[in-house]
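Note sheet for the following structure.
Since every read-out is calculated from the coordinates, none of them should be taken as a lab result. Worth saying up front: this structure is predicted, and the values here are computed from it rather than measured. No Cβ is skipped: glycine too gets one built from the backbone with ideal geometry, and neighbour counts run over all protein chains shown.
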Amino acid sequence: MSADPRTNRVEFNKLQKRLRRQVGQAIADYSMIEDGDRIMVCLSGGKDSYTLLDILLNLQKTAPVQFEVIAVNLDQKQPGFPEDVLPTYLSAIGVPFHILEKDTYSIVTDIVPEGKPIASVFAFAPRFAVRFRRRNRCDKNCLRASPRRHHRNAVSQFVLRRQIKSHAAKTIVR
């Protein structure tokens, strides 16, 4: 981006408008959100999940249907993760939120040998999100998952476990 603040602002506004339009169009095309839905937005604390929340909050103001947004974060007790950042931010913007606490980090570090990737810690997150969604009667959940950010083996293991659990891979197991 250029050094001129006005140019930067114009470019930022264009990007923001394009993202909101495209997300809104996808929601409409695939009927992702219906009138009265409670949408659970899973936040990791990264810029992608902040962006997703921002887009949904802005769409909520102008959408032809009424829907509620609830932000949820799984605090996995990773060392150095600033616990106060998300609650402070979400309170400041007035978004209802829940912080789920589960020390999955210690569990994984006990299992995974030192020096190996610990991306399998992320395999725990969907389980807690599903439980929260059911208990809090959320109609839909919205999360941004990017397999390229996670260790491929961890993602593959997670998918295979889900298939086996749902009996979709019954013939493979026998």
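In this structure, the pairs whose alpha-carbon distance is over 32 Å, taken from 14/77; 17/116; 47/140; 14/140, are 14/77; 17/116. Relative protection proxy for 63-71, 36-44, from highest mean packing down: 36-44, 63-71 (other beta-carbon atoms within 10 angstrom).
On the basis of the beta-carbon distance and an R0 of 35 Å, residue 77 and residue 20 show a calculated FRET efficiency of 0.55.
What full-extension length gain, to one decimal in nm, is calculated for residue 137 and residue 37 as 0.36 nm per residue of separation minus the Cα-Cα distance?
Values: separation 100, 0.36 × 100 = 36.00 nm, distance 0.97 nm.
Full extension from residue 137 to residue 37 adds 35.0 nm.
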